[in-house]
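The values are calculated or read from the model by the stated rules, or taken from the named source; none is laboratory data. Computed from a prediction, not measured in an experiment: that's the story for all the values here. Please note: Cβ atoms are built from the backbone with ideal geometry, for glycine as well, and neighbour counts cover all protein chains shown. The area values use the complete protein model at the heavy-atom level, side chains included, leaving out ligands, DNA and RNA. Shrake-Rupley method; radii C 1.70, N 1.55, O 1.52, S 1.80 Å.
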Amino acid sequence: PREVARHPREELIEVEKKLREIKGVTVLLYVQTCAAEKRRRRKRGTFPDPDKRVFINTEICEGCGDCGVQSNCVALVPVETEFGRKRAVDQSACNKDFSCLNGLCPSFVTVVGGRPRRQPRAEVDLPDMPAPQLPEIRGTWNTLVTGVGGTGVVTIGAILAQAAHLEGRGAALIDMTGIAQKGGEVTVHLRIARAPEDITAVRVATGEADALIGGDLVVSASAATLGLTHPTRTGAVVDSHETITGAFTRDPELHIPGNDLALALEAKLKDGLTLFDASELSRVLLGDSIFSNMMVLGAAWQRGLVPVGRSAIFEAIELNGQAVAANQRAFDLGRWAVLHPDAAARQTGGPPDAAPSSLDDRIALRAEQLVAYQGPRLARRYRRMVAAAPEALREAVALGYHKLLAYKDEYEVARLLLETRAQAAAAFEGDLRLSYHLAPPLLSRPGPDGRPKKRRFGPWILPAMRVLRHFKWLRGTPLDPFGYSAERRLERQLIRDYEADMAEVFAAVSPQTEEIARGLAELPLRIRGFGAVKAASAAAAAATRRELLAEFRRGPEGPQAALAAQ
């Protein structure tokens with residue numbers, strides 16, 4: 001209707017503020033198909049699939065996590081690099097919502113005409129494998145299937161229920177998905193009986209689980225799941241892969257305590273537990289980790305934890321109609337993985353780990369990067385500071401000082417953007433057309449949230465980037481047109497503060513204050529992002545700096561003397 005105003009999604013907060021000031025009843029219609037539902041429909045060919053993908057230049061990425069805050073998307077996964085934890089887009093999990101582009105970061109590009117390159121698959125000739133002794137059903141056989149939303153957990157439960165039906169058995173299941181989004185916790189409760197009338201309740205009660213088919217380590221080792229198992233009754237096969245959880249969208253430093261979770265499972269289930277990295281094995285042998293849950297199901301069947309036959313399961317997979325051959329292959333690969341664990345481990349182990357780089361190598365790498373960044377003079381300045389550091393602080397200074405010196409201003413971003421196409425060509429195949437999403441300081445305008453609004457630039461901007469990168473000699477001089485912004489002034493001040501702090505620390509550090517000094521030296525690693533995001537992280541680091549400096553200046557006798565007096 002003409003009298004109904006239409007607004008883009010990014011204006012949602014402003015519209016809500018406007019409506020709250022109107023007396024009486026107002027109506028706000030939020031019209032959008034759920035992103036996860038879009039992905040499901042695209043698989044079925046019932047929803048448009050835009051020929052566009054998001055790619056992140058990890059050289060520019062600061063790992064600040066603002067893209068995750070803006071999108072709340074678990075397809076943004078961590079990438080560990082020599083220069084810290086960065087972000088990448090898991091193309092097999094991406095919902096093509098594109099809201100991650102709103103992150104205040106110039107590392108994002110969109111790729112049109114590209115298909116993700118499939119990793120070369122390892123070939124395994126499966127030997128003849130003995131069929132297991134299927135479990136006997138006394139009353140009901142109670143199974144838990146755990147995992148995260150969007151990976152086919154519910155499908156595994158449905159296939160098992162369908163297979164039981166095909167064999168003339170009774171089956172009942174309930175999906176405990178709650179408010180699970182893609183990446184959220186999902187648990188399927190499934191009971192299989194000789195006849196439908198033998199099933200009087202669906203949900204598996206405390207200690208009643210006969211089998212745990214674990215598609216995710218975090219969900220499988222949760223207190224809620226373990227409470228349903230019993231050490232002498234429950235057998236379990238669990239994917240040991242440390243899949244990042246939805247909490248990573250808000251905590252860029254989140255790490256999965258994989259060893260602790262595995263220990264919790266082992267403590268409860270003891271010899272009834274089998275762990276193997278199904279996600280990585282699926283990626284290596286099938287080219288996509290999406291088949292990992294089916295691989296875990298095959299492993300559980302081979303261990304005698306599934307009371308239906310292989311032929312019925314294969315028929316149920318055919319009835320499901322999705323990637324039939326690949327899913328059946330994944331099932332048999334899971335069987336092979338538990339029968340030949342050493343051979344499976346060799347597939348996921350990759351090449352022998354290279355010896356860790358020495359500290360001198362890491363320093364040399366950073367000095368070389370600073371030459372490309374500005375020139376030999378800056379590299380010499382860096383080496384002088386690192387050489388002056390006490391041995392116990394040398395690594396911390398090498399990492400922290402480099403982080404401050406190599407701040408990503410307009411000249412550096414221009415230089416790194418020119419390398420994006422080569423990175424994208426390694427990740428995608430096809431006739432790639434790239435667009436760059438930037439908020440140039442002289443061209444951008446504030447968006448509804450007050451932050452600079454990003455704009456899309458086509459390849460035509462690359463000649464301008466080539467020109468801009470050659471003016472890096474203006475950096476830090478009065479002629480630098482960008483040097484007068486608040487962000488550039490902050491970055492130069494951070495360098496001066498760090499140099500003054502380290503001069504003080506180097507002269508007075510003692511074994512008792514060494515840990516405090518290391519904290520000061522590493523503090524710049526916490527300062528990440530661009531614009532307002534960087535300003536916020538710098539403010540938080542400044543508060544920590546004041547505390548550490550005060551503690552360092554009190555010296556070894558300050559805190560210890562106060563403690564002794566108490």
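Of note:
- If both residues of a DSSP beta bridge must be in the chain, then about 75% of such bridges are antiparallel.
- Scoring 74-80, 517-523 by mean Cβ neighbours within 10 Å over their residues and listing the highest first yields 517-523, 74-80.
- Mean Cα-pair separation over length for the chain, i.e. relative contact order, pairs under 8 Å, 6 or more apart, %: 14
- Per-residue ellipticity at 222 nm, computed for the chain from helices alone with -39500 (n - 2.57) per DSSP H run of at least four residues, works out to -13000 deg cm²/dmol.
- Estimated distance in nm for a label pair at residue 47 and residue 550, the labels positioned 7 Å out from Cα along Cα-to-Cβ: 5.2
- The fraction of accessible area contributed by carbon and sulfur in the chain is 54 percent, rounded to a whole number (1.4 Å probe; ligands and nucleic acids excluded).
- Sequence-distant contacts, meaning Cα pairs under 8 Å at least 6 residues apart, place the relative contact order of region 67-208 at 20 percent.
- The chain: angle of helix 359-373 to the longest principal axis, Cα-based, in degrees nearest 10: 70
- Under the combined filter of DSSP loop state and at most 11 neighbouring Cβ atoms within 10 Å, region 202-310 retains these GluC sites (Glu not before Pro): 253.
- Couplings 3J(HN,Hα) for region 46-52, derived from phi with the Karplus relation 6.51 cos²θ - 1.76 cosθ + 1.60 (θ = phi - 60°), are 10, 9, x, 10, x, 7, 8 Hz, where x marks Gly and Pro.
- Electrostatic tally near residue 552: other residues with Cβ closer than 12 Å to its Cβ, Lys and Arg +1, Asp and Glu -1, net -1.
- Estimated vicinal HN-Hα couplings, Hz - region 25-33 in sequence order (Karplus 6.51, -1.76, 1.60; Gly, Pro = x): 8, 10, 10, 10, 9, 9, 9, 6, 6
- 3J(HN,Hα) along region 475-490: 4, x, 9, x, 7, 6, x, 8, x, 8, 6, 4, 5, 5, 5, 4 Hz, from the Karplus curve 6.51 cos²θ - 1.76 cosθ + 1.60 with θ = phi - 60°, whole Hz, x for Gly and Pro.
- Order by protection proxy (mean Cβ within 10 Å, highest first), peptides 530-543, 121-134: 530-543, 121-134
- Under a 5 Å amide H cut-off, with hydrogens placed 1.01 Å from N, residue 176 pairs with 187, 188, 189 among residues at least 5 apart or on other chains.
- Across the chain: Cys residues that no other cysteine approaches within a C-beta distance under 4.7 Å: 34, 61, 64, 73, 94, 105
- Residue 535-residue 371 pseudo-label distance in nm [points 7 Å out on the Cα-to-Cβ vector]: 3.8
- Within the shell of other residues whose beta carbon sits under 13 angstrom from the beta carbon of residue 484, the net charge comes to -1, with Lys and Arg scored +1 and Asp and Glu -1.
- Quarter the surface of the alpha carbon convex hull of the chain and you get the mean projected area, 35.0 square nanometres.
- Interchain or long-range residues, amide H under 5 Å from residue 79's placed H: 86, 87, 88
- Cut-off 11 Å between beta-carbons: net charge of the residues surrounding residue 399, Lys and Arg +1, Asp and Glu -1: +2
- Largest first and in whole Å, the equivalent-ellipsoid semi-axes of region 314-353 read 28, 12, 4, each the square root of five times a Cα gyration tensor eigenvalue.
- Proportion of all alpha-carbon pairs of region 395-471 beyond 21 Å (%): 45
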